[in-house]
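The values are calculated or read from the model by the stated rules, or taken from the named source; none is laboratory data. Remember, it's a predicted structure, so these values are computed and weren't measured experimentally. In this analysis, Cβ positions are derived from the backbone assuming ideal geometry, glycine residues included, and neighbour counts consider all displayed protein chains.
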Amino acid sequence: MSKDLPQPQQSEEVDLGQLFKLIGNAFDRFFKFIGSIFKGIFGVIILFLLFLQKNFIKLVIVGVLGLAIGVFIDFIKEPKFISTMVVEPNFNSVQQLYNNINFYNELAEAEDSTALADVLKITKKQASTIKEFKVESYSDENQKIQLFDRFVRSLDTTTQKAIDMEAYLKNFNSFDARFHTVSIIATNNSIAKKIQPVIINSISENQYFNLQKETSDINIELQEKLYNKQIVEIDSLQSLYKRVMEKEAEHPMQGTAINLGENGSKENKELALINKMEELKTSLVDLNQESANKESILNVISDFPDKGVKQKGILKSYKFLVPCAMLVLALFVFALLSLNTYLKNYKKKLI
């Protein structure tokens, strides 16, 4: 009876030489692939340069012709003037300001001079000269930091710790800015000054904002009375303290000494009264500043000028736009012609 012989064990060791060869081949294919990409890009660039070389004279003629047409259009077109006003909206009226300006701009873009004239209370002819309305926030990094500081001061201590300055600045939008610029572009250089009162009154005559202003005026008045009352009381305490000190100085050993000091320290009490008085005076100054800033629903920092400034800029002129448009169109046409020629030659090769 034959016995089963043991099977030889197969080696599980990896041929390192073969492994390195596979890795080397993989890297070789990868670098060849990258090289083919760069070679393809270089080939496309060369073809484009050859295309430009072939059509260079034609493109120059098209560019010069476009420049001439653009200069002529700029010469005969009616000039546009831009006027800018800087305002400071109060009582959360900034949203209404943006809504109103965007509404005016929609009418101007639609060339609905009848509706625009009715809204702005001007003639239809004057309204037809208005081409565009714009409103933008006007703020720099310093103003943003000041707004952040004011915002943090209005919060409680626990909430202040959870507020991140970088996150606040990142989420800062145009409505958060203190100042905003309203711009009008028109062919009439004096129309902006005429419609300024209408733009301001469209915000100032709002019933909700007027109610907010009345409430703010009452609160400021009450706060001012409170500060003045506290100043009078502290002044009386200082006078009383001074009389007691003079009396103790005149009769140091007679009667019972009156101690107004905090924790037995007269100097600390006197210093606390002085500091409190200075704090109240500072608060009163800030309150007066706030009252001045909120005197109107929409503060006009800078009026529209009597006459607007002629709008300039090479990127908006026809001597730039027309040549660019004609060159792009010419490149497209020449490319189609070249493609057509290539397809015809390729067809002949197939036949």
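For the range 77-150, which fully contained helices (runs of 4 or more DSSP H) count at least 3 residues that are over 16 Å from Ile199 (Cα atoms) and at pLDDT 95 or above?
none
Looking at the range 260-273, which of the residues that are out of contact with any helix residue (DSSP H, G or I) (no Cβ under 8 Å at 6 or more places or on another chain) and surrounded by 12 or more Cβ atoms within 10 Å (Cβ to Cβ) is modelled with the lowest pLDDT?
Ser265
Can you run down the residue pairs with Cβ atoms below 7 Å, 6 or more apart or on separate chains, where the first is in the range 88-117 and in contact (Cβ under 8 Å) with a residue 60 or more places away in the chain and the partner is outside any loop (DSSP other than H, G, I, E, B) and of a type in the set (Lys, Arg)?
Phe91/Lys213
Answer yes or no as to whether Lys80 is within 37 Å of the chain's Cα centre (by Cα) and among the basic types (Lys, Arg).
Judged against the criteria, Lys80 is a match.
Considering only residues that are part of a helix (DSSP H, G or I) and among the polar types (S, T, N, Q), look in the range 14-65 and name the one that is farthest from the chain's Cα centre (by Cα).
Gln18
Take the residues in the range 99-118 that are hydrophobic (A, V, I, L, M, F, W, C) and buried (at least 18 other Cβ atoms within 10 Å of the Cβ); name whichever of them is nearest to Ile203 (Cα to Cα).
Filtering first and then ranking leaves Ile101.
Of all residues in the range 284-316, how many are more than 26 Å from Tyr208 (Cα to Cα), buried (at least 16 other Cβ atoms within 10 Å of the Cβ) and more than 26 Å from the chain's Cα centre (by Cα)?
1
Six or more apart or on different chains, Cβ atoms under 6 Å: show the pairs whose first residue is in the range 274-291 and without any contact (Cβ under 8 Å) to a residue 12 or more places away in the chain and whose second is of a type outside the set (A, V, I, L, M).
none
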